[in-house]
Every structure is written in structure tokens, then in C-alpha cells.
Amino acid sequence: MLEIVIISGLAGLATGLGAIFVLLFGRPSTKLLSIMLGFAAGIMLSIATLELIPEAMEIGGPANALLGFVIGVAIMYGLDLYVPHISIMKCENEDDKPKQDMLKMGYLIFLGIAVHNFAEGMAIGGGMVSSPALGMMIAVAIAIHNVPEGMAMAVPLRMGGMQSLSIILLVSLAGLVTALGALLGGIVFQTTSAVVGVALGLAAGAMFYIVGDELIPQARCYQHHLANVGLIIGFIGGMLLEI
């Protein structure tokens, strides 16, 4: 269990890297965001389709893999309904908003990211139950996805007047929630092969939802050609991990 907590915690702390990037270099360019978000989407799709779903079907059977996939999608959809995962960085210009509004937005993004990170941590825990290598791949994909999330939170907090150290600590705290989810996932899913199959399907479903609902739409929001480039490079990167 310690390994699960450490790996998932490091993946979650990637949000802190995003915050540090913003504090050092300012708001990232739309071109960089498009490539990063597209790349994260490609990595996630590759791992879900080439690793998680086949292994879920092999270990737990097609029915359990499908059940887990549907549960993963349903969890992420439910979170979006009741704890909205506010856009990473909206396409419209927010520079003219009052400081109080920007600070409030930053706190709301913190809440959304923290809750969603818990579910993403469960996906890491489910993968680790199957094999440490698979869990590591999921953690890397989520870490890549967490970097722009950290930027998302840091930008409005910075524009709202929050001090740099406080921003880093708050953003990192949202990321560390991933470890709690991974610990729960590791405990719950460490039973029969059928349950492991459901866990892997759940991880795949959660990843598909994140890609379709968040990463690709926002990547294309800025520069859709660069978003496609990032998506393809990310998917190829995931395929190379299989070699």
C-alpha cells in the first residue's frame, strides 16, 4: 500500500509543478496549452485502449470490464453534475474580472480538482492492484494531465492576489487528494479477479471521460491543429511504452 500512496502522491503533486510554472513564467500561451492538453489526452487514450481494457477483459472477463467502464464514466459524470470541474482555462479573456471574483474562481477550481483527483486516484489504485507497471503508467498519464490543472488553479489565485507560497501549498493539497483515492482503490479492489477486472474497466472509463469531456475540447478551444498534433504524439508515446 505504501507504494500506491507514494506513486499516486507524486502524480498528484504534478499539479504543484503547474502552479510553479505559472508563478515563474506567467500564464502559458494557448499554443503550449493546446499541445500539452492534446498530449495528455493521447497518452490517456493509448493506455486505456491498449492496456487497461484488454487486461480488464483478460482478468475479469468482458462483462466485468464493461461494468467497470460504465461505473468509471458514471462516477466522473456524477462529479461533473454535483461538483463541476471548472474549465482549465476558459477561452475568453478573464483579465478584466475583479480580484475577488478571480480568487473565488480559484477556490472553486480547487474544490473541483480535489474531488476529481480522488476519483483519478482510485483509477491508479485499481491499476496498481493488477500490476505495479500498469499502475505506474496510469500515474504518469494522470501526472501529465495534472500539470495544466495546476496552471488552471494558479492563474486565478495569482490574479486574485494570493501569495506565491500559499498558491503552491493550496494547489499541491488538491493534488495530494489523489493519494487518498489511490489508497481506497487499492484496498477495495484487492480481492478477486472479477473485482480487479471491474477496477481496470473503471480506470479506463474514467480516463475516456476525462479525455472526451475535458482535455480534447479544451485543447481544441485554443489551437485545434496543435491539439491534434499533441493528441497524436501522446498516443504514439503511449504505444512506445508497450514496446
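The values are calculated or read from the model by the stated rules, or taken from the named source; none is laboratory data. Keep in mind that this is a model prediction, so the values were computed, not measured. Methodologically, a virtual Cβ is constructed for each residue, glycine included, from the backbone with ideal geometry; neighbour enumeration extends over all protein chains shown.
Can you tell me which residue in segment 1-34 is modelled with the highest pLDDT, limited to those that are farther than 23 Å from residue 127 by Cβ and either hydroxyl-bearing (Ser, Thr, Tyr) or crowded, with 21+ Cβ neighbours inside 10 Å (or both)?
19
Can we say residue 196 is modelled with pLDDT of 80 or more, assigned to a helix (DSSP H, G or I) and either on the phi > 0 side of the Ramachandran plot or among the β-branched types (Val, Ile, Thr) (or both)? So that I can check it myself, show each step before the final result.
Numbers: modelled with pLDDT of 80 or more: yes; assigned to a helix (DSSP H, G or I): yes; either on the phi > 0 side of the Ramachandran plot or among the β-branched types (Val, Ile, Thr) (or both): yes.
Against the criterion (modelled with pLDDT of 80 or more, assigned to a helix (DSSP H, G or I) and either on the phi > 0 side of the Ramachandran plot or among the β-branched types (Val, Ile, Thr) (or both)), residue 196 qualifies.
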Looking at segment 206-214, is at least one residue surrounded by 24 or more Cβ atoms within 10 Å (Cβ to Cβ), of a type outside the set (A, V, I, L, M) and either at pLDDT 85 or above or not in a helix (DSSP H, G or I) (or both)?
no
Just to be sure before I move on: is residue 37 assigned to a helix (DSSP H, G or I), closer than 19 Å to residue 214 by Cβ and within 13 Å of the chain's Cα centre (by Cα) in the structure I sent?
yes
Only residues that are over 30 Å from residue 157 (Cα atoms) and of a type in the set (Phe, Trp, Tyr): list them for segment 169-217, please.
189
If we keep just the residues of segment 94-128 that are surrounded by 23 or more Cβ atoms within 10 Å (Cβ to Cβ) and among the β-branched types (Val, Ile, Thr), which is modelled with the highest pLDDT?
124
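Which ones in segment 152-173 are out of contact with any Asp or Glu (no Cβ under 9 Å at 6 or more places or on another chain), surrounded by 18 or more Cβ atoms within 10 Å (Cβ to Cβ) and not in a helix (DSSP H, G or I)?
At the first step, the residues of segment 152-173 found to be out of contact with any Asp or Glu (no Cβ under 9 Å at 6 or more places or on another chain) are 152-154, 157-158, 161-170, 172-173.
Those still in the list that are surrounded by 18 or more Cβ atoms within 10 Å (Cβ to Cβ) too: 152-154, 157-158, 162, 167-168, 170, 172.
Matches in segment 152-173: 162 only.
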Among 226, 183, which is the only one that is more than 18 Å from residue 36 (Cα to Cα), touching a residue at least 60 places away in the same chain (Cβ under 8 Å), among the hydrophobic types (A, V, I, L, M, F, W, C) and surrounded by fewer than 22 Cβ atoms within 10 Å (Cβ to Cβ)?
183
